[in-house]
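The values are calculated or read from the model by the stated rules, or taken from the named source; none is laboratory data. As the structure is a prediction and not an experimental result, all values here were calculated from the model. Reconstructed Cβ throughout: ideal geometry from the backbone, glycine too, with neighbour counts over all protein chains shown. These area figures cover heavy atoms from the full protein model, side chains too; ligands, DNA and RNA do not enter into them. Shrake-Rupley method; radii C 1.70, N 1.55, O 1.52, S 1.80 Å.
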Amino acid sequence: MEAKEVEDTKSNFRWCWFWLVSVIAILVIVAGVLAILEDLKDSKKDSASHHPGPIVKKYADALEIALQFFDVQKSGKLVNNRIVWRGDSGLLDGIEMNLDLSKGMYDAGDLMKFGFPMAFTATMLSWAILEYGENMKTVKQLGHARDSLKWITDFLINAHPSENVLYIQVGDPELDHQCWERPETIRGIRPLTQVNTSFPGTEVAAETAAAMASASLVFKKIDSSYSNLLLEHAQQLFSFADAYRGSYSVSIPQVQNYYNSTGYEDELLWAAAWLYHASKDLSYLKYVTELNGQQFANWGNPTWFSWDDKHAGTHVLLSRLNIFGAKGMSSEENLDLQMYRKTSDAIMCELLPDSPTATSSRTKGGLIWVSQWNCLQHAMASAFLAVLFSDYMVTTQISTLYCHGKSYSPADLRDFSISQADYILGNNPMKMSYLVGYGSNYPQKVHHRGASIPVDANTTCKDGFTWLDSINPNPNVAVGAVVGGPFLNETYIDSRNNWMQAEPTTYNSALVASLLSSLVRSSSVVDSFT
Ligand SMILES: *[C@@H]1O[C@H](CO)[C@@H](O)[C@H](O)[C@H]1NC(C)=O
Ligand SMILES: *[C@@H]1O[C@H](CO)[C@@H](O)[C@H](O)[C@H]1NC(C)=O
Ligand SMILES: *[C@@H]1O[C@H](CO)[C@@H](O)[C@H](O)[C@H]1NC(C)=O
Ligand SMILES: *[C@@H]1O[C@H](CO)[C@@H](O)[C@H](O)[C@H]1NC(C)=O
């Protein structure tokens with residue numbers, strides 16, 4: 001009995017312990033699970049604000065290749081040259097006006113330095129660095145991108161010797177096209193072309209202002225005096241562009257055969273938008289909203305983003321302000337920014353392949369295709385805007401884009417951009433990479449003087465044409481070049497004389513570098529530069 005009692009007490013005691021321990025254990029487990037759930041929630045938030053996805057090797061590799069084309073295109077006394085078949089050239093450019101215009105980049109397969117597309121190249125490089133510099137840094141390309149940008153902005157600074165004068169061209173395109181030679185063998189002094197108060201060039205001055213304003217942001221933390229210098233030039237050039245309105249295609253009709261401009265309203269808005277970002281001066285914000293938005297922005301009407309038309313880029317750049325918010329903005333200005341945002345939405349809805357308002361300007365394989373000449377430019381420029389807009393949405397946790405009642409996610413936009421990039425890198429009916437140097441099948445007869453002529457050739461201007469006409473592959477690889485691209489029927493003729501398809505441009509490489517830097521990680525959040 002006693003023994004049993006003791007036994008009972010003992011067993012009661014054990015039961016008590018058992019329950020106590022169990023309850024504590026359950027509490028600990030519940031607390032643990034709650035903590036893990038909380039962690040998961042945090043890490044989700046975190047991944048939206050701090051941790052972009054893993055590196056995608058093919059885009060990282062392609063970016064490294066793409067950026068090398070800027071080295072291929074450099075004029076002047078080369079520094080840390082990475083291209084074995086390139087050397088110094090254009091050292092006398094600018095000398096007759098006592099200017100050093102030796103730097104900058106050749107435009108395409110020829111040896112002209114055209115200010116309008118060159119400035120656009122710089123603006124796009126800056127934009128890519130500002131949004132995706134972290135991605136570039138991760139794959140060790142940020143230094144190269146910045147160096148290339150500075151090679152152009154050094155030139156632009158020297159091309160703007162006084163407030164209302166801007167040199168917009170080095171070389172005479174008619175004479176230039178009568179020769180087929182390496183830049184290293186150019187002889188003699190090349191003519192310069194300027195815009196000024198009597199012969200204005202609003203679009204080229206404004207694009208140059210946009211290039212310098214955006215670059216001033218890139219260099220702000222690295223070299224503040226260079227950054228301030230760029231901003232000063234940008235502000236002066238914008239005032240010049242705005243005060244003396246006129247298209248350079250009208251002032252200097254010869255330019256129409258090369259980079260003809262179809263209007264300057266877009267460049268004025270684009271430049272003012274960049275100047276607002278660079279200076280935080282509210283007068284630039286007022287310029288793009290109250291003062292000129294209604295008149296210049298063509299709200300509600302999507303157009304293709306290109307070296308000639310900056311509307312789409314401006315809509316997206318100003319959506320950035322609408323999405324992220326800007327300090328000191330009036331409600332009136334905010335309403336106007338919403339118009340840019342709505343137009344960006346409309347642009348995105350045109351790009352998405354299965355949206356009710358999808359553009360029909362596509363190949364069967366899905367590549368955005370707008371023009372025979374350099375068709376890839378529109379695909380790359382559109383894809384960059386789409387992935388950027390997608391990342392604006394992700395960063396601010398906007399989950400849905402509505403296109404006439406159908407809803408899309410940021411991932412749909414990113415998928416569209418990936419489809420364009422993959423097409424260009426070889427996922428196309430020709431199984432051809434249109435980025436030279438990438439993959440195993442890329443164009444061998446790129447329309448490019450330097451690449452087509454052996455370094456030790458003894459030819460110059462006229463006799464150099466034998467290299468244009470040669471049926472052999474280029475002796476030098478124009479690494480990083482993006483050629484014009486395929487026909488609408490998705491075929492491509494790899495022939496040096498087929499310049500419509502086979503000629504690369506420097507601004508193409510800025511577009512592909514922008515796109516690739518955005519895709520280097522499987523998901524991205526944009527760096528804030530506001
Ligand atoms: C202004 O530019 C035009 C067009 O390039 C040029 O012909 C003219 O000489 C320039 N004016 C001056 C004063 O240099
Ligand atoms: C240049 O653009 C203007 C404006 O769009 C147009 O009127 C003109 O015909 C174009 N010139 C050439 C040579 O294409
Ligand atoms: C150029 O001339 C040099 C000297 O005459 C010769 O050795 C070299 O092979 C020539 N280069 C080519 C590509 O013909
Ligand atoms: C593709 O289009 C081009 C340009 O329109 C044409 O010249 C070529 O013959 C076409 N190729 C095929 C295979 O249809």
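Using only Cα atoms and rounding to the nearest 10 degrees, what angle (0 to 90) does helix 311-324 make with the longest principal axis of the chain?
That helix lies at roughly 30 degrees to the long axis.
Determine the distance separating the Cα centre of segment 59-82 from the Cα centre of segment 389-419; give it in Å without decimals.
Computed from Cα coordinates, the inter-centre distance equals 33 Å.
Summarise the accessible area of segment 153-260 (1.4 Å probe, protein heavy atoms) by the percent that is carbon and sulfur. Can you show the working numbers first?
Values: 2070 of 4270 Å².
The nonpolar share, carbon plus sulfur, comes to 49 percent.
So how do SER417, SER224 rank on accessible area, 1.4 Å probe, biggest first, that is with the largest at the start?
Numbers: SER417 0, SER224 70 Å².
My answer, sorted largest first, is SER224, SER417.
Under the 0.36 nm per residue contour assumption, what length would be gained going from the current alpha-carbon distance of ASP223 and LYS77 to full extension? Walk me through the numbers on the way to the answer.
Details: separation 146, 0.36 × 146 = 52.56 nm, distance 2.20 nm.
Length gained between ASP223 and LYS77: 50.4 nm.
Give the angle, between 0 and 90 degrees and rounded to the nearest 10, that separates the Cα long axis of helix 410-424 from the longest principal axis of the Cα atoms of the chain.
Computed tilt is about 40 degrees.
Sort 195-202, 354-361 for me by packing, meaning the mean count of neighbouring Cβ atoms within 10 Å per residue, highest on top. Numbers along the way, then the final one.
Numbers: 195-202: 19.9, 354-361: 13.9.
Put in order of decreasing packing, that is 195-202, 354-361.
Report, in deg cm²/dmol and to the nearest 500, the calculated mean residue ellipticity at 222 nm for the chain, where each DSSP H run with n ≥ 4 adds -39500 (n - 2.57) and the sum is divided by the residue count.
-16500 deg cm²/dmol
Rounded, prolate or oblate: which fits segment 68-208, taking a ≥ b ≥ c as square roots of the Cα gyration tensor eigenvalues, rounded meaning a/c under 1.5, else prolate when a/b beats b/c? Walk me through the numbers before you get to the answer.
Working: a/c = 2.05, a/b = 1.22, b/c = 1.68.
Oblate shape, in that a/c is at least 1.5 and b/c is the bigger or equal ratio.
Looking at the chain, I'd like the Rg to Rh ratio, where Rg is from alpha-carbon atoms and Rh is Kirkwood's inverse mean 1/r.
Values: Rg = 27.7 Å, Rh = 24.6 Å.
With Rg and the Kirkwood Rh in hand, the quotient comes to 1.13.
Helix 376-395: angle to the longest alpha-carbon principal axis of the chain, degrees 0 to 90, nearest 10?
Helix 376-395 sits at roughly 30 degrees to that axis.
Calculate the tail of P(r) for segment 131-201: the fraction of all Cα-Cα distances greater than 21 Å, expressed in %. Don't skip to the end; give the middle numbers.
Working: 1300 of 2485 pairs.
When all Cα pairs of segment 131-201 are counted, 52 percent exceed 21 Å.
As a test of reading the structure, rank ILE168, ILE186, ILE222 by solvent-accessible area (1.4 Å probe, protein chains only), most first.
Descending order: ILE222, ILE186, ILE168.
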